[in-house]
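These notes concern the structure reproduced below.
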Amino acid sequence: MRSIRDGNCTAFLGAAVNYSKDAGKGLPLGAEVSKLLAEDIDQKKEKIVDPGNLAKVSLVYECLVDRTPLIQAVKGHIPDRQREPSSSLRILAKLPIDLYVTTNYDRLLEDALIAAMRPPFVVVQTPDGIHGVEHVSEWLNQPKDSPEERAAKRPLVYKIHGTFFDPRKDENGMEIDDSALIITESDYIDFLTLLGSGSEESVPPTITGRFGINTLLFLGYSLEDWDFRVIYKIALRKAINALKLPHYSVQVGVADHWRNYWLGKSEQRLRIFDIDVHEFAAKLEKAWEGPDA
């Protein structure tokens with residue numbers, strides 16, 4: 001709580017922050033999206049061995065029908081424009097966190113921040129580059145000398161696996177969808193290659209610099225997720241090599257071997273809470289608004 005109050009917490013948000021078991025509410029997890037895509041592929045008479053592996057299934061889908069139909073299918077299975085931000089997102093949006101990193105393609109985090117009167121700067125990573133990088137300097141250079149200026153400071157949302165965009169019309173009236181996603185195995189390979197290259201199109205050093213001085217809070221991930229492993233390479237490893245700060249991961253039903261693996265990787269500094277993400281967010285809100293906050 002102290003790190004959040006002091007503005008020294010970076011929140012990493014995965015798919016479970018939007019998940020709901022209630023039909024028509026929330027958004028599906030990656031494995032569910034993958035299985036829906038696999039069903040589409042089955043209709044094309046192509047056998048999928050691992051239907052829950054989104055990176056692999058989406059690559060097969062792209063090979064069969066091309067990139068644009070893949071993006072359209074994913075957007076159809078993740079209907080963010082037909083959903084409201086979850087209670088967890090609404091709570092997190094109210095807190096004085098100035099850097100949110102998310103692997104989610106949807107725009108519900110942005111919606112929650114706008115509703116909380118904290119319209120964000122948004123930077124989007126793609127397999128081969130970064131969009132909106134100019135917003136990083138705008139974010140950094142906001143006035144923050146007075147309490148009023150600090151309260152009005154806009155957060156930055158770094159969408160590390162891309163984002164959905166609404167379709168637009170070109171000069172001929174044709175509809176174009178510029179949504180840029182890191183979703184297939186090929187995309188991940190391109191992205192990781194970009195990370196290793198030290199290119200200016202990789203994660204901005206200003207953002208990675210925050211990972212080394214902030215407490216990191218991971219919400220909505222499973223420790224065995226591919227997403228979490230990529231984030232480790234980008235953020236957690238840098239944080240471990242910097243200040244001796246604790247970091248936190250919130251999830252349900254962590255297997256002992258994964259818990260031990262990540263405790264070893266993080267030199268015992270990743271503290272794992274076995275609790276539902278929405279329950280954790282509710283407790284966080286209560287603590288924040290409590291008499292001793």
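The values are calculated or read from the model by the stated rules, or taken from the named source; none is laboratory data. Computed from a predicted structure; not experimentally measured. Neighbour counts run over all protein chains shown; Cβ positions are idealised from the backbone, glycine included.
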Worksheet entry | Answer residue from the range 117-129, given it is modelled with pLDDT under 90 and buried (at least 17 other Cβ atoms within 10 Å of the Cβ) and is farthest from the chain's Cα centre (by Cα) among those | PRO127
Practice prompt. Take the residues in the range 203-215 that are in a loop (DSSP other than H, G, I, E, B) and in contact (Cβ under 8 Å) with a residue 40 or more places away in the chain, then tell me which one is nearest to VAL252 (Cα to Cα).
Written response: ASN214
Practice prompt. Look at the range 88-128 and say how many of its residues are farther than 14 Å from LEU13 by Cβ and in a strand (DSSP E or B).
Written response: 5
Worksheet item: So, in the range 257-293, of the ones that are aliphatic (A, V, I, L, M) and more than 13 Å from LEU219 (Cβ to Cβ), which residue ends up modelled with the lowest pLDDT?
Response: ALA293
Fill in: Hits in the range 151-202 (condition: assigned to a loop (DSSP other than H, G, I, E, B), hydroxyl-bearing (Ser, Thr, Tyr) and either buried (at least 20 other Cβ atoms within 10 Å of the Cβ) or touching a strand residue (DSSP E or B) at 6+ places or on another chain (Cβ under 8 Å) (or both))
SER179, THR184, SER202
Item to complete: Looking only at the range 135-155, decide whether some residue is hydrophobic (A, V, I, L, M, F, W, C), at pLDDT 85 or above and within 27 Å of LYS25 (Cα to Cα).
Response: no
Worksheet, complete the sentence: If you go through ASP50, ASP22, ASP80, ASP42, the only one that is without any contact (Cβ under 8 Å) to a residue 12 or more places away in the chain and under 29 Å from ALA281 (Cα atoms) is ASP22
Worksheet entry | Any hit, the range 229-240, residues being assigned to a loop (DSSP other than H, G, I, E, B) and either over 23 Å from LEU109 (Cβ atoms) or not hydrophobic (A, V, I, L, M, F, W, C) (or both) | no
Worksheet item: So is ILE48 farther than 30 Å from MET174 by Cα, in the same structural domain as PRO167 (by TED's automatic domain parsing), among the hydrophobic types (A, V, I, L, M, F, W, C) and part of a loop (DSSP other than H, G, I, E, B) or not?
Response: no
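Just the residues that are surrounded by 15 or more Cβ atoms within 10 Å (Cβ to Cβ) and over 17 Å from HIS161 (Cα atoms), please, taken from the range 28-61. Before the answer, list the steps.
Narrowing the range 28-61 to residues surrounded by 15 or more Cβ atoms within 10 Å (Cβ to Cβ): 28-38, 40-41, 48, 51-61.
Across the range 28-61, the qualifying residues are GLU32, LYS35, LEU36, LEU37, ALA38, ASP40, ILE41, ILE48, PRO51, GLY52, VAL60, TYR61.
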Practice prompt. Report, by residue number, each residue of the range 1-36 that is in a helix (DSSP H, G or I) and either in contact with an Asp or Glu (Cβ under 9 Å, 6 or more places away or on another chain) or closer than 12 Å to GLY220 by Cα (or both).
Written response: ALA15, ALA16, VAL17, ASN18, GLY30, SER34
Worksheet item: Is there any pair linking a residue in the range 171-192 that is free of Cβ contacts under 8 Å to residues at least 24 places away in the same chain to one that is aromatic (Phe, Trp, Tyr) and outside any helix (DSSP H, G or I), with Cβ under 6 Å and at least six apart or on different chains, and which?
Response: ASP178/PHE165
Worksheet item: In the range 216-227, is there at least one residue being surrounded by fewer than 21 Cβ atoms within 10 Å (Cβ to Cβ) and assigned to a helix (DSSP H, G or I)?
Response: yes
